[in-house]
C-alpha cells in the first residue's frame, strides 16, 4: 500500500519504521493495516470456535434417544450387549442395523466374583474384535426393560472409558425404546473388521479394593455410596456370591432405581435428574465419591448419572463391590448376627418356593 506524503503524520520526515514514528502512533495507512490485521484475527477466532462447536455436536452425547441414534447411525459403532447364545439370542432375532454383538457376560468376571475386572489382555482382544479404537464413537444398546437393566450398558460404558475410549454413549431405553419408536431392525449379523486397539487405562475412575481400604482410614474425605436397594444396605439380604451381608463401614445408600421415577429402563431428562440428585446423601468435606453395590452393576448406574450426566468431579466405581470385599474378609458394617443371617436365609428359601 502507498502512503500519500501530504496526508501522513506531521513527523513524515522520519523514516516509516523509525522509533519516533512508532511512539507517535501509526499513520492512517498503517492504521488501516492494523485494522485489517485485527479483523482477520477475530475472523479466525470465530471460525475456530465454530469448528469446535461443530465437532462437539458431531460427537455422540453420553445418552441418546432413539431418534438421535438413528441420525448418527452411519457415523457410530453400535454394540448390542443383550444376552443369549449365538443362534437364539435377542440379537439374532432382531437388532439395530449395523450393530455388532458383544453380550454383557463377555465384559464380566467369573461367576464367583462377577464384578471383578478381567485381565486387560482379555478386554483388549474383545475391543479389537469389535473394530474399536480410542476415537471410535460407540453407542451401547441393552434391552432397556427396567431400571436394573440400565446397569449393563452403564458398566460396559465405564469399562470402555477405563480402557481409554473417548466417545461413548448409551441408547436411553435400549431396544425397548427403539422398537417402541417403530425404528428399523434387521437379522443380518455384522462382523467388524478387527482393529489395532491399544488400551490407555484411565485409573482416575477406578476404585480398587486396596484404595477403598485406604479410603476407610481417611474418614470424611470420601463418600462411599451404596447403590443397592435398602435391604442389602441394612444387611437384611445379600448377593449369592457374597460371603456375608452388610455394607462398607461409613457408607451411605442411594438406590440406583431412584433415577427412574416411572420404573422404566429410560432415564428422565436433565432437570429431573438434577432434582433427584438433591435428595442424595452428602458427606461433609468429601472430595470424591466411590460408587459400589454387589458386583459393580447397579453402582455403574449411579456412577454414570453422577459422572457423565451431572458432571460431578472425582466419581469412581468399585467394580468388585461387596462380593469382592466380603470374600476378602474386610471389615463391614450392618452385619447381622449369625442367628439373624440363618433366619434371613430361611425366609429367602421359603420365598423362592
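The values are calculated or read from the model by the stated rules, or taken from the named source; none is laboratory data. All values reported here derive from a predicted model rather than from experimental measurement. We place every Cβ from the backbone using ideal geometry, glycine too, and count neighbours over all the protein chains shown.
For region 158-170, the criterion of being in a loop (DSSP other than H, G, I, E, B), assigned by TED's automatic domain parsing to the domain that holds residue 79, under 27 Å from residue 207 (Cβ atoms) and out of contact with any strand residue (DSSP E or B) (no Cβ under 8 Å at 6 or more places or on another chain) is satisfied by at least one residue.
Okay, residues lined up against (1) in contact with a strand residue (DSSP E or B) (Cβ under 7 Å, 6 or more places away or on another chain); (2) assigned to a loop (DSSP other than H, G, I, E, B); (3) closer than 30 Å to residue 171 by Cα; (4) touching a residue at least 24 places away in the same chain (Cβ under 8 Å):
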{"residue": "273", "(1), (2), (3), (4)": "no, no, yes, yes"}
{"residue": "285", "(1), (2), (3), (4)": "no, yes, no, yes"}
{"residue": "301", "(1), (2), (3), (4)": "no, no, yes, yes"}
{"residue": "304", "(1), (2), (3), (4)": "no, no, yes, yes"}
{"residue": "323", "(1), (2), (3), (4)": "no, no, yes, yes"}
{"residue": "342", "(1), (2), (3), (4)": "no, no, no, no"}
{"residue": "349", "(1), (2), (3), (4)": "no, no, no, no"}
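Note on region 99-138: residues that are under 17 Å from residue 193 (Cα atoms) and assigned to a loop (DSSP other than H, G, I, E, B) amount to 10.
Can you tell me how many residues in region 154-177 are closer than 18 Å to residue 94 by Cβ and either surrounded by 23 or more Cβ atoms within 10 Å (Cβ to Cβ) or under 11 Å from the mean Cα position of the chain (by Cα) (or both)? Give the derivation first.
First pass over region 154-177, keeping only residues closer than 18 Å to residue 94 by Cβ: 171, 173-177.
Then keep just the ones that are either surrounded by 23 or more Cβ atoms within 10 Å (Cβ to Cβ) or under 11 Å from the mean Cα position of the chain (by Cα) (or both); that gives 171, 173-175.
Total meeting the criteria: 4.
Restricting attention to region 259-280 and to residues that are surrounded by fewer than 16 Cβ atoms within 10 Å (Cβ to Cβ) and more than 18 Å from the chain's Cα centre (by Cα), the residue that is nearest to residue 330 (Cα to Cα) turns out to be 279.
Of the numbered criteria (1) closer than 20 Å to residue 221 by Cα; (2) touching a helix residue (DSSP H, G or I) at 6+ places or on another chain (Cβ under 9 Å); (3) surrounded by fewer than 16 Cβ atoms within 10 Å (Cβ to Cβ), the one residue 310 fails is (1). Checking 91, 123 one by one, the residue that is more than 15 Å from residue 297 (Cα to Cα) and in contact with a strand residue (DSSP E or B) (Cβ under 6 Å, 6 or more places away or on another chain) is 91 and no other.
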